[in-house]
Ligand code: HEM
């Protein structure tokens with residue numbers, strides 16, 4: 001693959017035999033869906049479902065939670081008018097203006113500190129650095145501002161680590177579930193409650209302030225914080241590490257990234273995410289009516305497990321050589337660069353631009369470090385609770401002063 005071909009958007013004749021996917025094997029090994037759900041791998045059908053007005057969010061059967069006041073559920077689990085209203089209220093946190101004024105300073109500050117440390121010490125654990133960055137940025141959206149970032153990152157990591165117990169022996173499951181609950185309490189006491197208290201005194205431009213205005217209980221604010229921890233922090237951590245790994249492995253892609261305009265850099269990032277999407281599945285169900293065009297295609301009441309990976313690799317949308325990294329692909333195929341990696345339709349990820357911006361800034365600064373090398377590539381693991389890959393223990397080195 002030549003840099004010229006990467007930048008021109010022309011299909012490269014040498015891509016045919018390439019398979020650049022890094023997580024396809026582990027994803028296939030642990031591929032489990034909700035019982036009774038139907039797997040959808042066609043990009044076209046997935047899009048019709050995700051954009052269909054009659055489909056409801058069915059992840060973890062979120063549409064069937066027994067809650068007295070559904071308006072206090074996180075946006076992720078809402079549908080219809082409640083969902084529309086919540087998304088409209090959230091829009092101001094994810095606008096281009098918010099990214100430039102609220103998040104960019106945090107992204108720049110964190111990147112400078114992490115890359116500065118690498119330059120000083122000559123070594124950095126890539127997945128740990130990307131975790132600290134992802135936590136700091138999503139914490140800014142949420143308003144988790146009253147505790148040190150590294151400590152909060154540890155609290156959240158412990159909740160998620162012990163929360164990943166499906167498939168383990170029963171006793172281990174019981175112990176881990178208690179440990180996960182205990183760590184949730186620590187997160188609440190050390191990070192969430194102080195942030196709530198600060199905003200009870202004075203509201204700010206963040207989610208917790210908005211939830212207080214909407215009369216949310218402290219426990220439901222904690223639930224919202226956990227949604228952002230999983231939806232916004234863990235996802236972006238894996239994305240950043242994956243991008244760095246792919247750029248180390250593909251010198252011509254790295255060259256195209258470092259020499260590229262912002263738009264070209266975003267195209268590369270999105271193509272990396274298309275190939276190895278962090279989230280495995282999204283779920284939808286039509287309980288009351290099916291769009292006419294889907295009648296006969298799926299059954300009423302059937303839970304659809306949309307396989308993001310399969311949809312992103314569907315040749316009908318991705319074009320030829322779907323397993324090869326080809327940043328010109330989306331433009332050529334007239335598709336959104338990340339395909340289904342950020343979802344589609346009304347639940348499409350509101351944080352997509354935040355994730356892309358922080359990744360671009362961090363990766364750009366990382367590959368400017370003189371003598372940068374990948375000392376140890378990440379170990380690929382699988383989180384059965386989140387149904388997503390985890391890249392761990394990757395180390396980079398550089399010329400120390
Ligand atoms: C690479 C990073 C990310 C990936 C791959 C990702 C992926 C996704 C996907 C696939 C969905 C759709 C779920 C569905 O349709 O059921 C989603 C929704 C969501 N994401 Fe992200 N996300 C990322 C980063 C972020 C960030 C940085 C934030 C916030 C700071 C965020 C907040 C959310 C929220 C609140 C939702 C629920 C939206 C709704 O239901 O209307 N995400 N994300």
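When you have a sec, figure out the Kirkwood radius of the chain from all distinct Cα pair distances and drop it here in Å to one decimal? Walk me through the intermediate numbers first.
Numbers: mean 1/r = 0.0453 Å⁻¹.
Final number for the Kirkwood radius of the chain is 22.1 Å.
Stokes-Einstein diffusion for segment 136-205, with the hydrodynamic radius set to the Kirkwood value over Cα pairs and evaluated at 37 °C in a medium of 0.692 mPa s, equals 251 µm²/s.
Relative contact order for segment 3-397: what is it in percent, counting Cα pairs under 8 Å that are at least 6 residues apart? Numbers along the way, then the final one.
Numbers: 559 pairs, mean separation 121.7, N = 395.
With pairs under 8 Å counted, the relative contact order is 31 percent.
Please give the FRET efficiency for residue 175 paired with residue 263, using the beta carbon to beta carbon distance and R0 = 41 Å, rounded to the nearest 0.05. It would help to have the intermediate numbers written out before the result.
Values: r = 49 Å, r/R0 = 1.20.
After rounding to 0.05, the efficiency reads 0.25.
When Rg and the Kirkwood radius Rh are both evaluated on Cα atoms of segment 183-341, their ratio Rg/Rh stands at 1.09. Among 300, 325, 90, sorting on how many other beta-carbon atoms sit within 10 Å of each Cβ, with the fewest leading, yields 300, 90, 325. Neighbour counting of Cβ atoms within 10 Å sorts the residues 230, 359, 25, fewest neighbours leading, into 25, 230, 359. Both radii are taken from the alpha-carbon atoms of segment 128-255; with Rh as the Kirkwood radius, Rg/Rh is 1.06. Taking other C-beta atoms within 10 Å as the exposure proxy, 241, 17 rank 17, 241 from fewest upward.
We did not get these values from a lab; they are worked out from the coordinates using the rules stated. Owing to the predicted nature of the structure, the values given are computational and were not obtained by experimental measurement. Cβ: placed from backbone, ideal geometry, glycine included. Neighbour counts: every protein chain shown.
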